[in-house]
Every structure is written in structure tokens, then in C-alpha cells.
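Input: a single structure, listed below in C-alpha cells.
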Amino acid sequence: MSKSAAVVELVEPPSDGVSALVYLDSKSLLSASWEGSVNLYDTALNARKLHVPHPKPVLDVSFADRTTAYSGGLGRTVRSIDLGTGGLQELGTHDQAVKGVEFCGSRGVLATGSWDRTV
């Protein structure tokens, strides 16, 4: 960490290990957690804006845009998350845990990788 970097401890952190973090912009931060949740934080306000429970631990998250994110984890399911309501929609499944979730906005493609050795 550089000398000029500020350390900020966010309010309402997950109760278990954080498995992934991703920024959309300088203040919108998504976290995935072993507690089985995705959290959206406004880091400028130090506020949790959204808490989205999942049935199993979440290993990765990705923003599509300001309104939608994607998640995957030990539940083997890839989901879209409505960042306004916290609503979840199942998009697909893998045979084993979903380890990676990445949205490519310029191509409009959601890529997922799994412990089942598929992409």
C-alpha cells in the first residue's frame, strides 16, 4: 500500500471472510463473502447500501452497471442481482462451485469459471 493510501474500515462488514471485492467507480464497492452474502457499499459515505443474502457462500461478484451485478459461489449457481431491490435471478449453474464471475460490458458477455473446470 502506498504512503498516501487511506485506510477506511467500512461499517456493517460481513460476519465471515471476504472472498471478492470489486469497484464500479470511486465509491461503489461490491463484496462477496463466505457468510453467503453480497454487499454494496458507498465508500464515500461509509455506508452499506444493500445486503443480499445467498443460500451458500459467495466466491465472486462483478458489476454489469449501476443497476445490475452478478454473483457465483458454492451453491453452483450464477445469479444476477438487481442493485435497486436486492432481487436475485438465477441465470445458470455449474456442476461444482462457481469460482469466477466477470462481465465484459464492451461485448455484453458474462463469463463464469467453475471448480468443475468449465468456463
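Computed from the coordinates by the stated procedures, all read-outs in this text should not be read as laboratory data. This one's a predicted model, so the numbers in the text were calculated from it and none came from an experiment. Here the Cβ is made from the backbone with ideal geometry for all residues, glycine too, and neighbour counts use every protein chain on show.
Note on Lys99: aspartates and glutamates with a C-alpha under 12 Å away, same-chain residues under 8 apart excluded, are Asp60, Asp116. Model label points for Thr68 and Arg117, set 7 angstrom from Cα along the Cα-to-Cβ axis, are 3.2 nm apart. Computed from phi, the 3J(HN,Hα) profile of the stretch 35-49 under the Karplus parametrisation 6.51, -1.76, 1.60 (θ = phi - 60°) reads 6, x, 8, 10, 10, 10, 10, 9, 6, 5, 9, 6, 9, 7, 8 Hz, with x in place of Gly and Pro. Applied to the stretch 102-119, the Karplus parametrisation 6.51 cos²θ - 1.76 cosθ + 1.60 on θ = phi - 60° returns per-residue 3J(HN,Hα) values of 9, 9, 9, x, 5, 10, x, 10, 9, 10, 10, x, 10, 5, 7, 6, 10, 10 Hz, with x for Gly and Pro.
Applying both filters, DSSP loop and at most 13 other Cβ atoms within 10 Å, to the trypsin sites (Lys or Arg not before Pro) of the stretch 56-111 gives Arg66, Arg107. Picking from Leu91, Leu29, Leu83, which is most flexible by a Gaussian network model of the chain using Cα springs under 10 Å? So, out of Leu91, Leu29, Leu83, the one fluctuating most is Leu91. Computed from the Cβ-Cβ distance with R0 of 35 Å, the FRET efficiency linking Gln89 to Val8 stands at 0.65. Other residues lying with their Cβ under 12 Å from the Cβ of Val8 contribute a combined charge of -1, Lys and Arg counting +1, Asp and Glu -1. Between Leu24 and Val109, the contour length at 0.36 nm per residue exceeds the alpha carbon distance by 28.9 nm. Given in Å, the Rg to one decimal and the Dmax to the nearest whole number for the Cα atoms of the chain are 14.1, 44. Here the stretch 1-67 is treated as a Stokes sphere of Kirkwood radius computed over C-alpha pairs; at 20 °C and 1.002 mPa s its diffusion coefficient rounds to 173 µm²/s. Peptides 48-56, 10-18, ordered by how many other C-beta atoms sit within 10 Å of their residues on average, highest first, read 48-56, 10-18.
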